[in-house]
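Below is one structure, written out as structure tokens; comments come after it.
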Amino acid sequence: MSNPDKNKRRDIEKPAVHTTIVGGRPPGCGKEIDKVPRGIEILVKKASVDPSFREILLKERAAAAKHINLCLVESEAIILNTISKAQLEGMILATKVHPNLKEVFLGCTAAVMLAALTTTVNASDDRREVGGIRPDDAPVSCDEKENPSFFKAEEDKQLETGILLVEVFDRATNKPVKDAKIYFHKHNAGEKPRTPTYGKGYTDEKGQYIIKEIPVGRFYILVSDCSGRTPYENTYLDIAAGKENKITFKVNKDNNPPSLWHYQTRGISPK
């Protein structure tokens, strides 16, 4: 005898979605449970902070992905090409990007946006209505950190290099913050779209993150909690050759309010 509840659960399962970035890596296992597919999420977030790209997305739909070197899978392209203009505009207007991430989504390369947007919030129920942005109820855990990564753009491989040292301390206690997530990318202002040098990692017990062979130039640096969901601080740093380039952050580790990175875009703004 069949189990109605079990069959119902099967009916609401969704296929995995894999998004491929030109010059980057796929975003992991591609599990997609009642949430915006990653490729569409990147496009909508960029459109929410970049008015010129917003017009491109509304006009070209799935074809707009080529402007940021993003390859959509077939299911994502179908969604974008069939959704009404009013619905797409609503999604864009309702989508919020944390101020510390605005610089990332004003860029021109999807690989960098994907690297910054590494934490995915899964839905906790099976609601289908356009219900807004729901907070993530699961506690933040540092047990399953991402693997550190470093990608050096081809055009940067011939440049002189330096060392990047990021220090993170708790502003209240002045103690080092272990497992703070560090994300960085080279700021190539005014250049044609391409995948820049970028990377990510975590601070050690001394609150330090060190990486060598960083090409000279200006870098955008973002510090967040271990999950990547709550950005703490961000800034720019000019890397000089043949020396240690140090930047120190004082963060409100325990008093930082949940950021919009804790929320999942589902159609309207959070209250």
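Okay, here's what the table says:
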quantity	calculated
For the stretch 82-94, Karplus couplings with θ = phi - 60° (6.51, -1.76, 1.60), whole Hz, Gly/Pro x	10, 5, 6, 4, 4, 5, 5, 4, x, 4, 5, 5, 7
Residues 235, 161, 197 arranged by fewest to most Cβ contacts within 10 Å	235, 161, 197
Zone residues, the stretch 207-221, relative to residue 243, backbone N less than 14 Å from point 7 Å out along Cα-to-Cβ	216-217
Ordering of 208-219, 42-53, 147-158 by burial proxy (mean other Cβ atoms within 10 Å per residue, highest first)	42-53, 208-219, 147-158
Rounded if a/c under 1.5, otherwise prolate or oblate - the stretch 149-251, Cα gyration tensor axes	prolate
Packing rank of 76-83, 65-72, where each peptide gets the mean count of other beta carbons within 10 Å, highest leading	65-72, 76-83
Distance in nm between pseudo-label sites at residue 250 and residue 89 (7 Å out along the Cβ direction from Cα)	4.7
Label-point separation, residue 163 to residue 146 (7 Å along Cα→Cβ), nm	2.6
Exposure proxy order (Cβ contacts within 10 Å, fewest to most) of 225, 238	238, 225
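Computed from the coordinates by the stated procedures, all read-outs in this text should not be read as laboratory data. Everything quoted here is computed from the prediction, not taken from an experiment. Here Cβ is always computed from backbone atoms with ideal geometry, including for glycine, and neighbour counts include all displayed protein chains.
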